[in-house]
Each structure stands twice: as structure tokens, then as C-alpha cells.
1. With θ set to phi - 60° and the Karplus curve 6.51 cos²θ - 1.76 cosθ + 1.60, what are the ³J(HN,Hα) couplings of segment 216-226 in order, to the nearest whole Hz, using x for Gly and Pro?
2. GLN4 versus LYS183, label points 7 Å from Cα toward the beta carbon: distance in nm?
3. Would you kindly state how much longer the chain becomes between LYS195 and GLU79 on full extension, computed as 0.36 nm times their sequence separation minus their alpha carbon distance, in nm to one decimal?
4. Can you give the extra length, in nm with one decimal, that the chain gains between ILE38 and GLU203 once fully stretched, where that is 0.36 nm per residue apart less the Cα-Cα distance?
5. For segment 157-165, just list the computed ³J(HN,Hα) in residue order, Karplus coefficients 6.51, -1.76 and 1.60, θ = phi - 60°, integers in Hz, with x standing in for Gly and Pro.
6. How would segment 65-115 be classified by its alpha-carbon gyration tensor: rounded, prolate or oblate, with rounded meaning a/c under 1.5 and the a/b versus b/c comparison settling the rest?
7. Neighbour counts of other C-beta atoms within 10 Å: give me LEU202, LEU70 arranged from fewest to most.
8. For GLN212 and GLU116, calculate 0.36 nm times their separation in residues minus their Cα-Cα distance, and state this gained length in nm to one decimal.
Amino acid sequence: MQQQFEGYLFLHNIAKPKNIGTIIRNAAAFNLTKVFMIGKQGQNKKKFQIAEGFSFFGNHGTFDQMNFHLFNNLKEAKEYFVQNNIYVCGVEIGEGSQNIITNPFKGNTVFFLGNEGTGLIPEHKVICDQFVYIPQYTQKTASLNVGVASGIIFHHFALWAGFQEQKVEGEKFLDPEKQKQEKERKKQEMIEYGKELKKQKLEQQKIQQQQQNNIEQNKVENENNNTK
């Protein structure tokens, strides 16, 4: 029996929110199990905080069904990938890049897509273990849109990894029960978020009140000293 490998997505330096949303939607459709990103206080952020810090326009609800993991920087990300035996596959046209049709995958793989204008910058390339490209059959365009490219890349990996095709519900690949559960989970998460914000607000009010009390006390003491 073929070993089951996993695919992941590493999002960094993609400029357009619509492309980010499309890439996440493609990752969800082709069974990539986790999305890695770079952000301040990376590992301490919860999912709802990630949603506030980034724009995922066009993901069509798939954001709520994906797992996210944030790193503080690229070095931390690379260390994690090495420790967990995950190959970093950069999607880039260039010397040394392999045709995606040949399925040059080695195992658990995280896909690193480049910026719309500059592609993968040197800091990105240095953490990659391999590179793949999508062949084109005319010179009418220099490259594909990054959102479009992600779907093709992820589909090839899904076929190579032997992922099981999702059953069709009506005319779509949907699981109504799973969607219901995910909606309830999101609701509970937002409730907890509200409680946490309320707690933080109360603590801040206590601090402010204490500061005000100290100011008043100092004022009284100064007045008493002046009358002596």
C-alpha cells in the first residue's frame, strides 16, 4: 500500500488579497492540510487573530476549514520543516526547476509560491529544497497568475499522493454536515474571543483606575505638604 503523504502551503509575500483567497481555496480543494504564514508573535496567534491580520478575499469560506500555523520569520519556518521532514518546494520558472508533469515529489511537501511581480526572492529560494514549474505551450504570456498556478500545482501533487476524490453532493463537492459543524465551531471561537476581549478591557480599566487613584493621592499629598 502506498504511503500517504501530506501537502502544505507556505504563504509569504503574496501581494493581492484576491490571489491569497484563491490560493487558500485551491489548497482546501486539493487536500493540503495546513497553511503556514509569517506574522508578528506568530505561534501565539489564534485563528481569529490571523483573520484580522491578513486579507483572504475570495477564499469562499475555505479559510474556516483550513489549519494555520504562523512563524515569526523564515529561519524559524525552515527549522520547523527540517524537524518535521517536510520538503520545501518553490514554484518558480528557472534553471534547476523541474517540470511539474514529471511529479518530482519526494514526500511530505510544502509549496512556496512567489510574489506576483518578483517571484521568489533570494531569501525565499535559499530555504527551498527543490523547484517546479508549469510548462506552457506558447509565448503569449510570460507566466500564469499565481492563483491559477497554485491550482495546477496542488492538483498534480494530489494525484501523485493518491488522495481520494471527494464524493459529489448534488452538483458540488460539499459535505453539509461538516459545514454545519464548522459554522458552530467558528461561532464558539468568536464567543471565546469576545470573552477574552471583555476580560482584557476590564483589566485595562482596573489599571487606569489605579493610575487615576495614584494621581489623586499624589495631588492630595502635595497639597498637604504645601499647607505645612
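1. 5, 5, 5, 5, 5, 4, 5, 5, 5, 5, 6
2. A separation of 2.8 nm, rounded to one decimal place.
3. Details: separation 116, 0.36 × 116 = 41.76 nm, distance 3.48 nm.
Extra length from LYS195 to GLU79 when fully extended: 38.3 nm.
4. Numbers: separation 165, 0.36 × 165 = 59.40 nm, distance 2.96 nm.
Length difference between fully extended and current span is 56.4 nm.
5. Result, ordered by residue: 5, 4, 5, 4, 6, x, 4, 7, 5 Hz.
6. Details: a/c = 1.79, a/b = 1.64, b/c = 1.09.
Prolate is the answer for segment 65-115, as a/c is 1.5 or above and a/b outweighs b/c.
7. Numbers: LEU202 10, LEU70 23.
Sorted ascending by nearby Cβ count, the order is LEU202, LEU70.
8. On the way: separation 96, 0.36 × 96 = 34.56 nm, distance 5.16 nm.
In short, 29.4 nm is gained.
Here, each number is a calculation from the coordinates, and none is a lab measurement. Since the structure is predicted, the reported quantities are computational estimates derived from the model, not experimental observations. Counting neighbours? That spans all protein chains shown, and the Cβs are built from the backbone with ideal geometry, glycine included.
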